[in-house]
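Everything below concerns the one structure shown next.
The values are calculated or read from the model by the stated rules, or taken from the named source; none is laboratory data. Please read all numbers here as calculations on a predicted model, not as lab measurements. Please note: Cβ atoms are built from the backbone with ideal geometry, for glycine as well, and neighbour counts cover all protein chains shown.
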Amino acid sequence: MHANPRKVGLVGATMLGGVHVLWTILVVLGWAQPLVEFSMWAHMAHTAVIIGPFDAIAAVTVIVVAAFIGYCVGYIAGTVWNRVHG
């Protein structure tokens, strides 16, 4: 089966960028801190994690960087898949 590296890259970009869009929404709504506190409690971890106030520049930066990395990883994975599976 042949994989289109560009399409696999777009899937990676959408997935990784999308997770960071969801995180940004949680920060804007003020739901990120309770979620982190629950996660720390559920994993029996004890370290202080404080979610800062929303910063639009930081949010856009992390979304774009995550999407770029997701695209690159997906593109590489698609290319490797094609070479391994001839």
Subject >> Filter result for Val64 (in contact (Cβ under 8 Å) with a residue 40 or more places away in the chain, assigned to a helix (DSSP H, G or I) and surrounded by 12 or more Cβ atoms within 10 Å (Cβ to Cβ)) >> reply: yes
Original post:
Can you name the residue in the stretch 1-39 that is surrounded by 14 or more Cβ atoms within 10 Å (Cβ to Cβ) and in contact (Cβ under 8 Å) with a residue 60 or more places away in the chain and is also farthest from the chain's Cα centre (by Cα) among such residues?
Top reply: Ala3
**OP:** Would you point out the residue of the stretch 40-57, among those that are β-branched (Val, Ile, Thr) and surrounded by 10 or more Cβ atoms within 10 Å (Cβ to Cβ), that is modelled with the highest pLDDT?
**Re:** Ile51
